[in-house]
Amino acid sequence: MTAPREALETMGATRLRLEIPDSNGVLRGKYLPAQKLLDGKGAGFSDVFYCLTSVDEVFENPGLTSYDTGFPDVLAIPDWSTLRPVPWEHGVAAVICDMTTKEGAPLGVDPRAALRGACERLRATGYEARAGVEYEFFVFHYDDEARRAMRDGRPRDLRPLGSEQQAYSLVRWPDIAAFADELFHGMAAYGVPIESMTTELGFGMLEVAIAPLGALEAADAAARFKLGCKELARRHGLIACFMAKLDMAQSGSSGHVHVSVARDGAPVMRDALGQLSDVGLRCVAGLAASAVETSAFMSPFPNSYRRFQPGLWTPVNVTWGHDNRNACLRVITVSDAAARIEHRRPGADLHPYLSVAACADGCRHGLLEEPAPPPEAPGRAFDDERAEPLPADLTAATEALRESALVRSWYGDALVDHYVLSRHAEQDEWRKIAAGAAAQDGEVPDWELRRYFELV
């Protein structure tokens with residue numbers, strides 16, 4: 001790896017953008033002169049960073065921080081392997097940071113550290129995890145009228161990018177061509193290799209698949225894609241929305257995680273087309289066994305659960321099947337190198353670090369414990385009466401996580417208890433607003449759009 005100082009000089013960067021995943025899976029941070037971080041001392045952030053809801057209501061975690069402790073600083077330590085230019089900002093490079101106490105001890109609630117631990121545990125079994133996140137999202141024009149609409153709390157009045165909702169459309173491509181071109185090229189330089197892009201079945205809806213990477217790099221790329229996509233959209237007079245369910249009359253937005261394991265760098269997931277290897281089947285079993293308990297990582301907001309509707313390719317039960325988009329776990333065996341499992345539970349609002357960690361640890365659980373996989377589901381997987389249902393709302397998903405001895409054995413009580421607190425805080429604030437708002441039957445409420453449209 002090139003030394004940070006030399007790399008910054010090559011990039012022509014004099015400022016650093018520190019990027020840190022919060023409890024909601026969103027990258028936050030600050031800008032500093034690059035020189036300030038080159039001495040290895042880190043940068044201070046109030047530990048309230050981890051006790052903020054999606055719109056910055058503060059909740060307390062007495063085991064971490066509270067009003068009684070005064071919300072003191074913790075340190076952001078750059079992971080220089082993630083140093084990349086920000087092509088759309090002059091003289092700026094970005095680096096993802098790990099968080100520690102001022103004494104250098106782990107915080108216990110850092111989601112990136114949780115994923116690093118998952119990778120290390122899997123590596124100790126002789127396997128490496130690879131992953132790639134596939135996002136669906138909506139894009140709207142962001143002109144003066146759109147700004148007024150957002151300011152007035154009328155996000156549903158925004159005009160979508162394109163007047164047709166054809167999936168895999170080439171006719172719609174001219175509407176997005178300039179934006180797509182900058183996404184492809186800008187993201188590559190930013191450390192986010194885009195494997196494919198297409199229009200999706202929604203007005204102004206797009207799908208982007210990020211190329212597979214090592215599990216930690218995949219989560220970094222997924223988090224950076226969402227941030228960079230929003231930045232580039234603004235520069236093109238657009239606004240991108242990653243809510244799981246923006247409009248009940250249109251498709252929801254997924255954030256599917258594609259995961260595989262390799263041994264000694266070689267693929268080991270399949271025996272032949274349509275045939276999983278024993279390793280692949282064990283991974284399916286482990287992911288199925290942990291799907292209910294990790295649902296709050298995959299679907300972290302109350303709005304997430306509006307997306308799950310039988311028959312709309314959104315999983316409502318713990319199922320798997322070969323190339324079956326109705327199942328929770330879609331098995332893909334087209335070639336040795338591309339063999340993988342697509343976890344279809346996550347939406348575009350997923351926590352990328354904890355979702356990828358859950359996939360890596362789920363595979364490890366299957367490899368070590370060899371739980372029996374459920375029977376393969378029929379094509380209409382949502383009608384499979386044998387299958388265990390997945391949580392129907394955030395409250396149920398959070399309770400399943402709170403009670404999970406398995407997930408606690410992976411990430412420790414500190415992270416699980418903190419994440420449970422964070423989901424309760426999000427649900428409680430959502431419920432307070434809902435209780436005081438007028439009902440909008442059959443629609444995503446205006447207040448919910450205002451809360452999540454820009455920030456998830």
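No lab work stands behind these numbers, since they all come straight from the coordinates. All figures in this text were calculated on a predicted structure; none of them were measured in a lab. Methodologically, a virtual Cβ is constructed for each residue, glycine included, from the backbone with ideal geometry; neighbour enumeration extends over all protein chains shown.
Overview of results
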read-out: For MET248, residues with placed amide H under 5 Å, excluding near neighbours; value: VAL444
read-out: Cysteines in the chain that, by Cβ-Cβ distance, have no pairing candidate under 4.7 Å; value: CYS51, CYS97, CYS119, CYS229, CYS241, CYS328, CYS359
read-out: For SER290, SER277, order by how many other beta-carbon atoms lie within 10 Å, fewest first; value: SER277, SER290
read-out: Cα radius of gyration and Dmax for the stretch 43-180 (Å); value: 21.3, 59
read-out: Spin-label model distance (nm) - LEU273 vs SER81, 7 Å beyond Cα toward Cβ; value: 3.7
read-out: Cα centroid separation, the stretch 397-456 to the stretch 1-22 (Å); value: 35
read-out: Qualifying GluC sites (Glu not before Pro) for the stretch 362-419 [loop in DSSP, other Cβ within 10 Å: at most 10]; value: GLU385
read-out: Under DSSP loop assignment and at most 16 Cβ neighbours within 10 Å, longest trypsin sites (Lys or Arg not before Pro)-free interval of the chain; value: 103-324
read-out: R0 of 35 Å, Cβ-Cβ distance THR14-ASP56: FRET efficiency to nearest 0.05; value: 0.75
read-out: Pairs beyond 21 Å (Cα-Cα), from LYS30/LYS102; LYS30/LYS226; LYS36/LYS102; LYS36/LYS226; value: LYS36/LYS226
read-out: Hz values of 3J(HN,Hα) by residue in the stretch 225-233 - Karplus curve (6.51, -1.76, 1.60), Gly and Pro given as x; value: 4, 4, 5, x, 4, 5, 5, 5, 4
read-out: Rg and Dmax of the stretch 4-107, Cα atoms only, in Å; value: 14.7, 46
read-out: In Å, descending, principal axis extents of the Cα set of the chain; value: 56, 51, 46
read-out: In sequence order, calculated HN-Hα J values of the stretch 202-218 (Karplus, 6.51, -1.76, 1.60; Hz; x Gly/Pro); value: x, 5, x, 9, 10, 10, 10, 9, 8, 4, x, 9, x, 4, 5, 5, 5
read-out: Theoretical ellipticity at 222 nm over the chain - DSSP helices of four or more residues, -39500 (n - 2.57) apiece, nearest 500; value: -10500 deg cm²/dmol
read-out: Hypothetical label at GLU6: residues of the stretch 62-101 whose amide nitrogen lies under 12 Å (7 Å Cα-Cβ projection); value: none
read-out: Nonlocal amide H pairs with GLY347, under 5 Å, H built at 1.01 Å; value: GLY255
read-out: Alpha-carbon radius of gyration plus Dmax, which is the widest Cα pair, for the stretch 113-250 in Å; value: 16.9, 56
read-out: Extension reserve of the ALA188-LEU368 stretch, reckoned as 0.36 nm per residue once the Cα distance is removed; value: 61.2 nm
read-out: Length added when fully stretched, ALA435-ARG28, from 0.36 nm per residue minus Cα-Cα; value: 143.5 nm
read-out: Ratio of Rg to Rh over the stretch 182-245 (Cα coordinates, Kirkwood Rh, two decimals); value: 0.95
read-out: In the stretch 112-201, the chymotrypsin sites (Phe, Trp or Tyr not before Pro) that fall in loop regions by DSSP, at most 16 other Cβ within 10 Å; value: TYR168
read-out: From phi via Karplus (6.51, -1.76, 1.60), per-residue ³J(HN,Hα) for the stretch 366-380 in Hz, x at Gly/Pro; value: x, 5, 8, 8, 6, x, 6, x, x, x, 4, 7, x, x, 7
